[in-house]
Amino acid sequence: MTDRYGRTIDYVRIAVTSACNLRCSYCLREEHDESKSGSTQLDVERIGTFIRLLAEMGIRKIRFTGGEPLLRRDIARLVRIAKTTPGIDNVKLTTNGVLLDRYLDELIEAGLDGINLSLDTLDAEKFKAIARRDQFPKVRKALDMLLQTPSLRLKINTLMLRGINNDEIPAFVELGRDHDLTVRFMELQPFDDRQIWRTGRFMGAEMIREHLYRAYPQLEAVTGLDTEHYSFRLPGYRGSVAIIPAYSRNFCSRCSRLRITADGKLISCLYQQESIDLMPLTENSNGDEELRKKILDAVSRKPKDGLKNGTNNAVTSMSQIGG
Ligand code: SAM
């Protein structure tokens, strides 16, 4: 699939649940109550249908995200379905790692290609303050397990919060000394209804880069993925380091992705309010044809650039839309 700006669309992120077992202050409110606000979850059959159709239309890469995807007991089944869908060649998962020890073996067996582990701090107390849950030991265990599993491509996503975790940049970089992983320092995005990003915690890509160079003057810039505006290697280190300017964004021209939210809406850009509800079509006898049309419609309407210096008021948390 190609959109009207000539971009090939071959990547879909699917939020498989809106529920989460952490309450990161920049993402979810403490009082976010899944049972009251009605946590949503697409069923396996619908996800399988979406993946099959998307693959027929040229999608090659699937990422399961959420909410927290490991809150689904059938997560390995979803990975297997995606992995065995003709056309799909890459299936990955974004997780906070709290439940990873329970599922890692199953996920590997199902054919998972890689994991992005969201981890903002290596300090248990800070973890408790940021995530509002005392789960650091489990996440640290997940990290250690992944470090011992070289068959899974590992990326660590670290959201930079000025004055909170910027002093930990070297500690994260050091994880790549002996391990072939990528540590990615991310900019905060304005998708939280508490607007933490307006409270001076935002740390832009340039500032992250300065901190990195101060700690590692020997950094060598290399070409990274499209979203990894700055990508670096360090002499003697097996891993690499990247900065993702998720907010200041300069990679829209190379964006290849669509998103499906946990309640079955198709979104072509994080910064576009518009979404297409796929759910009614899955109950329709002519569903496949209708779904194809809607997917093409979303691709054709994919904006050239997301809203600059703005936010998407329809999105109050990344957990809703799938980070
Ligand atoms: N629960 C999974 C996890 O923690 O990786 C997947 C969903 S979570 C919403 C995905 C990513 O979104 C996490 O890495 C998190 O740091 C990021 N995220 C959440 N809110 C954000 C915000 N306001 N700005 C930037 N990233 C955000």
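The values are calculated or read from the model by the stated rules, or taken from the named source; none is laboratory data. Remember, predicted model here, so these are calculated numbers, not experimental data. Methodologically, a virtual Cβ is constructed for each residue, glycine included, from the backbone with ideal geometry; neighbour enumeration extends over all protein chains shown. To get the accessible areas, we keep the full protein, side chains included, count just its heavy atoms, and leave off ligands, DNA and RNA. Shrake-Rupley method; radii C 1.70, N 1.55, O 1.52, S 1.80 Å.
Some points to look at:
- Consider the range 194-238 and keep the residues that are at pLDDT 90 or above and of a type in the set (Lys, Arg). The one that is nearest to the ligand (Cβ to nearest atom) is 209.
- Qualifying position, being within 15 Å of the ligand (Cβ to nearest atom) and at positive phi, among 6, 67: 67
- Note on the range 116-187: enclosed helices (runs of 4 or more DSSP H) holding 1 or more residues that are at pLDDT 95 or above and within 18 Å of residue 214 (Cα to Cα) are 169-174.
- You will find that of 115, 51, 47, 88, the residue that is within 15 Å of the ligand (Cβ to nearest atom), buried (at least 19 other Cβ atoms within 10 Å of the Cβ) and aliphatic (A, V, I, L, M) is 115 and no other.
- Residue within the range 137-155 that is over 23 Å from residue 77 (Cα atoms), touching a residue at least 60 places away in the same chain (Cβ under 8 Å) and within 16 Å of the ligand (Cβ to nearest atom) present: no
- Answer residue from the range 175-193, given it is open to solvent by less than 30 Å² (accessible area, probe 1.4 Å) and out of contact with any Phe, Trp or Tyr (no Cβ under 7 Å at 6 or more places or on another chain) and is nearest to the ligand (Cβ to nearest atom) among those: 191
- Matching option when the condition is within 20 Å of residue 305 (Cβ to Cβ) and modelled with pLDDT of 90 or more, among 260, 243: 243
- Within the range 112-127, residues that are closer than 10 Å to residue 139 by Cα reach partners that are in a strand (DSSP E or B) and within 15 Å of the ligand (Cβ to nearest atom) with beta carbons closer than 6 Å, at six or more positions or on different chains, in the pairs 117/156; 118/157; 119/156.
- Filter result (of a type outside the set (S, T, N, Q), more than 10 Å from the ligand (Cβ to nearest atom) and open to solvent by 20 Å² or more (accessible area, probe 1.4 Å)) within the range 156-174: 162, 163, 164, 167, 170, 171, 174
- Selection within the range 128-139 - over 19 Å from the mean Cα position of the chain (by Cα) and surrounded by 14 or more Cβ atoms within 10 Å (Cβ to Cβ): 128, 132, 133, 135, 136, 138
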